[in-house]
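Working notes, structure below.
The values are calculated or read from the model by the stated rules, or taken from the named source; none is laboratory data. All values derive from a computational prediction rather than experimental measurement. Backbone-built Cβ (ideal geometry, glycine too); neighbour counts: all protein chains shown. For the accessible areas, the whole protein counts, side chains as well, though only heavy atoms, and no ligand, DNA or RNA atoms are used. Shrake-Rupley method; radii C 1.70, N 1.55, O 1.52, S 1.80 Å.
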Amino acid sequence: QLVESGGGLVQAGGSLRLSCAASGRSFSSNGMGWFRQAPGKDREFVSAINWIGSSTLYRDSVKGRFIISRDNAKNMVYLQMNSLKPEDTAVYYCAARRSSMMVSTTGYDYWGQGTQVTVSS
């Protein structure tokens, strides 16, 4: 139901825009988020957005570099990633909260398959 795209290989300092397409149902009333998992590490929260896009959260290490947004008419969520660093290398996952419109770092019920982001130094 959630499909990520837009990952790839980029040099340090470059940019990528991840997209998350929802299908099968509307997620326009759900809080949405992005997570990532690097090799050998636990999955970690990256960013979240509330149902209408008026409230966002970011992990400290991406503040000022990443921007989360959504287009409810298209059932899409985006993560614009700028000034990428090698430590941003990970599989990035889109997620949705089943029963909440609000932003949160936890409580996600639907997950995509992930898209690989690799940042070379």
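Contact map, the stretch 93-105: residues that are within 14 Å of SER69 (Cα to Cα) paired with residues that are in a strand (DSSP E or B) and among the hydroxyl-bearing types (Ser, Thr, Tyr), Cβ distance under 6 Å, separation 6+ or inter-chain. Pairs shown: ALA96/TYR110. Of all the residues in the stretch 43-80, those that are acidic (Asp, Glu) and open to solvent by less than 40 Å² (accessible area, probe 1.4 Å) number 0. Scan the stretch 19-42 residue by residue and report those that are at pLDDT 95 or above, surrounded by fewer than 14 Cβ atoms within 10 Å (Cβ to Cβ) and under 20 Å from VAL103 (Cβ atoms). None; the set is empty.
The residues of the stretch 92-121 that are β-branched (Val, Ile, Thr), within 21 Å of VAL10 (Cα to Cα) and surrounded by fewer than 19 Cβ atoms within 10 Å (Cβ to Cβ) amount to a single one, THR118.
Do the conditions hold for VAL77, that is, is it at pLDDT 95 or above, closer than 18 Å to GLY6 by Cα and in contact with a helix residue (DSSP H, G or I) (Cβ under 7 Å, 6 or more places away or on another chain)? For VAL77, the condition - at pLDDT 95 or above, closer than 18 Å to GLY6 by Cα and in contact with a helix residue (DSSP H, G or I) (Cβ under 7 Å, 6 or more places away or on another chain) - is not met.
Contact map, the stretch 56-83: residues that are under 18 Å from SER23 (Cα atoms) paired with residues that are part of a strand (DSSP E or B) and modelled with pLDDT under 95, Cβ distance under 8 Å, separation 6+ or inter-chain. Pairs shown: ASN75/ALA22; MET76/ALA22; VAL77/ALA22.
Restricting attention to the stretch 66-83, report how many residues are in contact with a strand residue (DSSP E or B) (Cβ under 6 Å, 6 or more places away or on another chain) and either under 14 Å from SER55 (Cα atoms) or of a type in the set (Ser, Thr, Tyr) (or both). Number of matching residues: 6. Taken together, VAL46, VAL62, VAL91, VAL119 contain a single residue that is touching a Pro at 6+ places or on another chain (Cβ under 7 Å) and within 18 Å of GLU4 (Cβ to Cβ), which is VAL119. Within the stretch 1-18, the set of residues being surrounded by fewer than 13 Cβ atoms within 10 Å (Cβ to Cβ) and closer than 15 Å to SER69 by Cβ comprises SER15 only. Would you say SER83 is of a type outside the set (Lys, Arg), under 14 Å from the mean Cα position of the chain (by Cα) and surrounded by fewer than 16 Cβ atoms within 10 Å (Cβ to Cβ)? Against the criterion (of a type outside the set (Lys, Arg), under 14 Å from the mean Cα position of the chain (by Cα) and surrounded by fewer than 16 Cβ atoms within 10 Å (Cβ to Cβ)), SER83 does not qualify.
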